[in-house]
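*Asks:* Structure provided below as structure tokens; questions to follow.
The numbers here are math on the coordinates, done by the rules we state, and not lab data. Quick caveat, the model's predicted, so the values are computed rather than measured. Here the Cβ positions follow ideal geometry from the backbone for every residue, glycine too, while neighbour counts run over all protein chains shown.
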Amino acid sequence: MDGSHASELRSSTSSEAGWGQRQFLIERAAATEGGAPNVVGGFKLQAHSTLPVQRLIDERGETIGWILGWVIDLRARKIVDAPLRLSMRGADNVAREGVIEDTLDRLHGTFLLVICLPSFSRIYSCIYGNLGCVFCADAKSAASTAVALFDDAERSARLDPALAGAIDFSFDKRFGFDLTPHRGVRRLMPNHYLDLDNWTQHRHWPLAPIEPAPDGEGVIQALKWVADGVLSTLPADRILRVPLTAGRDSRMVLAAMRPYADRIKAFTFTGERIVAPIDAIFAKRIAARAEVDHEIIPARFATPEAAAQWIARTGSVIAGSNAYLHEAMRPLAENSVFFPGPGGTVGRAYMWTPADRPDSRASAANMAARASQPITAPFIDAADRWLEGLKHVDFLTKLDLLFLECYFARGAEIYGPDFYYDDVCLLLHPRIQRSMIALPAEYRRKKRIASDFVERFWPELNEFPYNSYKGVEQLAYLAKKATDPDRLWRHARRLLTR
């Protein structure tokens, strides 16, 4: 944030130590607070000192809201470290929505847009929702998590034991759709905005059927544009850390970063249920072929107490491996930017089964099961609410959006660690994801986009198989997968809820 406005906003923050890294609270301002620097359009923002905040300004330089989070302007090729200008003041709401869509395409990072204009007061999430936001309509407040939304007593009183106990936090589980374990608290989903005038959320994309693309060229050009915009912006002294596996996504990310290979420090964590042995084997070979630095790092796990604190800081909406593995990130964080791979899954039809077709019927129970949610009333109702806004898209598109908005609902993860780090999921940008959703179905089923992109920009990396053993190693790997109870249960639930 710029100058004195930043320090005044920070000094207004209460309970910062209890909130944890990057947390925030947005609520209605009292009448007496109208002139405060952290009040815009009748709304007050409080933010933890580790959360970057910049003002949104109109054509006259007047403040109309905030942008929260670490943000890169891809067109200007600069980190957003000053007020961001949006042409919103004299426009009608349709034109304003167009400005927002253009702004979401222009930016990348971990952020939320908060607009505080008369009849247009909204919080916009990006396509992935990687800066989590929850809201409570009866409290007329929005926040990073329930931790910032309520004090301990109120949060405890709102906890629904049945809902909280429905999610097994033993491994990579989270609340999907708009659910949280607290009564009256909903999650702002990706591709949605929160209307701050009536405290309801609405879909802002897609609002019409997706136009199909003939091939993967749109994805290839979009990823190259995003990668060039991000990487050319970062200071030369920042270390570029790439979690490398034998999979497609990390290979695409590495290929996109080729012009900056001399600054890349790739790494692969090893440990039970962290990555398959194949990842360590081939990641090392891929890095050697690419001539980039690479390190095999034994997993360093948090204690059960530290993991419980991590989960609590997220508002108790997500757990899993990162609650324990985050400790392994701590020694790598200083002066680094991480480039995790998630995002290519949509381009390879991850949520589809061989029987799925565009005209297949979507049921709430099936959507809940595919999102790894319990098939019980609260979760089926949440899936119904989510489906209500998707009557205009086909079944396969619903599955793609299910992954982005529900299955991979990890926005609250950013609040878990008690240390700060910057990361950019290159693949999780609107232009890339929308292009992936438009890919031809058979092209996606054959998982071609990764190899096509790599062939264009770093063909030597295609010399190695993608997540594939050979011979006896392959037989052993398949046998292990076939006896994994979690994997078997997920597939059984899909079949039972068709």
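*Asks:* Which value in deg cm²/dmol, rounded to the nearest 500, describes the helix-derived mean residue ellipticity at 222 nm for the chain, given -39,500 (n - 2.57) per DSSP H run of n ≥ 4 and division by the residue count?
*Replies:* Computed mean residue ellipticity for the chain: -10000 deg cm²/dmol.
*Asks:* Take the cross-link list K224/K284; K78/K447; K265/K447; K78/K140; K78/K446; K284/K446 and give me the ones stretching past 30 Å between alpha-carbons.
*Replies:* K78/K447; K78/K140; K78/K446
*Asks:* Sorted by average packing, counted as other Cβ atoms within 10 angstrom per residue and highest first, what order do 378-388, 301-311 take?
*Replies:* Top to bottom by mean Cβ count within 10 Å: 378-388, 301-311.
*Asks:* Right, something else. Relative to the longest principal Cα axis of the chain, at what angle does helix 377-388 sit, 0 to 90 degrees, rounded to 10?
*Replies:* 80 degrees
*Asks:* What is the sum of charges, Lys and Arg at +1 and Asp and Glu at -1, for the other residues whose Cβ falls under 15 Å from the Cβ of R183?
*Replies:* That sum, taken over residues with Cβ under 15 Å, equals -1.
*Asks:* By how many degrees, 0 to 90 and rounded to 10, does the Cα axis of helix 471-482 deviate from the longest principal axis of the chain?
*Replies:* 40 degrees
*Asks:* What is region 65-191 by shape, rounded, prolate or oblate, if you read a ≥ b ≥ c off the alpha carbon gyration tensor as root eigenvalues and call it rounded for a/c under 1.5, prolate for a/b larger than b/c, and oblate otherwise?
*Replies:* In terms of gyration-tensor shape, prolate.
*Asks:* Additional query: If each of V99 and S49 carries a label point 7 Å out from its Cα toward its Cβ, how far apart are those two points in nm?
*Replies:* Each label point lies 7 Å from its Cα, and together they span 3.4 nm.
*Asks:* Under the 0.36 nm per residue contour assumption, what length would be gained going from the current alpha-carbon distance of R89 and W205 to full extension?
*Replies:* Between R89 and W205, full extension yields an extra 39.5 nm.
*Asks:* Would you mind ranking R60, R448 by Cβ crowding within 10 Å, fewest neighbours first?
*Replies:* Arranged by neighbour count, lowest to highest, R60, R448 become R60, R448.
*Asks:* For the chain, calculate the relative contact order in percent as a whole number, restricting contacts to Cα pairs under 8 Å that are 6 or more residues apart.
*Replies:* Across the chain, relative contact order equals 18 percent.
*Asks:* Something else about it: Would you pull out the residues with amide H under 5 Å of R89's amide H, same chain only if 5 or more places away, H placed 1.01 Å from N?
*Replies:* Amide H neighbours of R89: E59.
*Asks:* Oh, and also: What's the center-to-center distance, using Cα atoms, between region 172-186 and region 218-258 in Å?
*Replies:* That distance is 32 Å.
*Asks:* How much net charge surrounds V454 when only other residues with a Cβ under 13 Å from its Cβ are counted (Lys, Arg +1; Asp, Glu -1)?
*Replies:* With Lys, Arg at +1 and Asp, Glu at -1, the neighbours total +3.
*Asks:* Next question. Given just the C-alpha atoms of the chain, how large is their convex hull per residue in cubic angstrom?
*Replies:* 147 Å³
*Asks:* If you fit an axis through the alpha-carbon atoms of helix 277-290 and take the longest principal axis of the Cα set of the chain, what angle between them do you get, 0 to 90°, nearest 10?
*Replies:* The answer is roughly 90 degrees.
*Asks:* While we're on this one: For K391 paired with D215, estimate the spin-label separation in nm (one decimal), with each label point 7 Å from Cα along the Cα-to-Cβ line.
*Replies:* 3.9 nm
*Asks:* Further, regarding this structure: Taking loop as defined by DSSP and a crowding limit of 16 other beta carbons within 10 Å, which trypsin sites (Lys or Arg not before Pro) in region 217-317 fit?
*Replies:* For trypsin sites (Lys or Arg not before Pro) across region 217-317 that sit outside H, G, I, E and B with at most 16 neighbouring Cβ atoms in 10 Å, the list reads R238, R273, R300.
*Asks:* In nanometres, what is the gap between the two model label sites at R445 and T353, each 7 Å from Cα along Cα-to-Cβ?
*Replies:* Here the answer is 1.5 nm between the modelled labels.
*Asks:* If you take every residue apart from T268 with its C-beta less than 10 Å away from the C-beta of T268, what net charge results, scoring Lys and Arg +1 and Asp and Glu -1?
*Replies:* Residues near T268 contribute -1 overall.
*Asks:* Taking every DSSP beta bridge that has both residues in the chain, what percent is antiparallel when rounded to the nearest 5?
*Replies:* About 75 percent, rounded to the nearest 5.
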